Ligand code: PHE
Ligand code: NA
């Protein structure tokens, strides 16, 4: 077998992991899930979930990937636990499932990049969203997004993925900061900040059963957990790197970018509608597109340039996440069966395009794909991974986490203990509530 590629630098891995984490989950999904789950109450639980559950979980995936130096499925065999390849398999499936509709939203972003340049949405942003988010047009742009994703993955880790993500993070932060400041200066944005930042504990108490599972699953989705992506990326890391430091950085940056996106979208929604509107064209999946597009429309000619730039940067963020999803299955087939990388990337890309056409045809389908991912697939996959690290792989995981970090062994043991208790219970409850909510 050919020498396995590694990241050329530490920054290469961090950027790629952050590139995987930061995506539509932060910029599109986080603001709208916040808006449909009670505002600040959701943000509050999400922050807890990212730190108390997301961080220890990502560390587990890093430890699996780096030790095994293999794709997310075979990693479990390599660690001498062949039965647990099931976990890798479920992660792989979850990732593919998510990519099928992720690409649909990625297609919307391409559409909006063009729509900014032409001023296509300037007249009526809500109607425009309704027109381009479904049907033939949505399918065409979904195809384009998937083709771009497969194209980058076909080139391999060093040439494709590492280069594509280098500029993305700083640009995303700058654009969001700029828009956030702009939104703050607008009349009518004031009440948004209370809604977004000051949790209504009464709402939280009454809706705990839906806010908690959504927030926990959002943390998984956003951190690219439970889909083999972080296992796969960590398989290319050097032994002398500190996994806890890397994990902290990824979680911190990813969370900050999500919160920042909310500081753009929610105030802009309040400016336009006086509240967070109900329904698809503003409150749900349309929130980012309708609200931010309106801000650009208000800017007139300048809005065309700024809008195109903004959506272009979002597109890069979406692509760097999508490629990490496709890389999981591609590296598996290349490692295990010696398949041709290009053919594998385009083959799976094509199949997922077909599956995703359902979600592109109608946002109701998209919602259903998303619900299944959030309520069942993600928590189930993460739960199995947590059980694996906590009880099966424990001692080796402790050793792996200590490699390259100067941390005391006590912290590493504490971490496994934390996985077995807080994380296990949190994810179990999330899965239980998710599954029962589907049948409700
Ligand atoms: N974390 C990405 C986002 O927030 C989505 C993603 C999930 C990417 C899983 C890779 C793997 O947009
Ligand atoms: Na994310």
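The values are calculated or read from the model by the stated rules, or taken from the named source; none is laboratory data. Owing to the predicted nature of the structure, the values given are computational and were not obtained by experimental measurement. Note: ideal-geometry Cβ built from the backbone for every residue, glycine included; neighbour counts use all protein chains shown.
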Within region 258-282, the count of residues that are touching a helix residue (DSSP H, G or I) at 6+ places or on another chain (Cβ under 6 Å) and farther than 18 Å from residue 197 by Cβ comes to 4
Which numbered condition residue 259 misses (of (1) buried (at least 24 other Cβ atoms within 10 Å of the Cβ); (2) part of a helix (DSSP H, G or I)): (1)
Test for residue 319: is it touching a helix residue (DSSP H, G or I) at 6+ places or on another chain (Cβ under 7 Å), within 16 Å of ligand 2 (Cβ to nearest atom) and in contact (Cβ under 8 Å) with a residue 12 or more places away in the chain: yes
If you take the residues in region 113-127 that are farther than 26 Å from residue 352 by Cα and within 26 Å of the chain's Cα centre (by Cα), which one is modelled with the highest pLDDT? 116
Residue 76 passes all but one of (1) crowded, with 24+ Cβ neighbours inside 10 Å; (2) within 22 Å of the chain's Cα centre (by Cα); (3) over 30 Å from residue 129 (Cα atoms); which number fails? (2)
Go through region 119-130 residue by residue and tally those that are in contact with a helix residue (DSSP H, G or I) (Cβ under 8 Å, 6 or more places away or on another chain) and assigned to a helix (DSSP H, G or I). 4
So residue 170 passes all but one of these: (1) closer than 30 Å to residue 305 by Cα; (2) touching a helix residue (DSSP H, G or I) at 6+ places or on another chain (Cβ under 9 Å). Which condition number does it fail? (2)
Criterion (at pLDDT below 95 and not in a helix (DSSP H, G or I)) met by exactly one of 407, 364: 407
Go through region 22-52 and count every residue that is within 15 Å of ligand 2 (Cβ to nearest atom) and surrounded by 22 or more Cβ atoms within 10 Å (Cβ to Cβ). 17
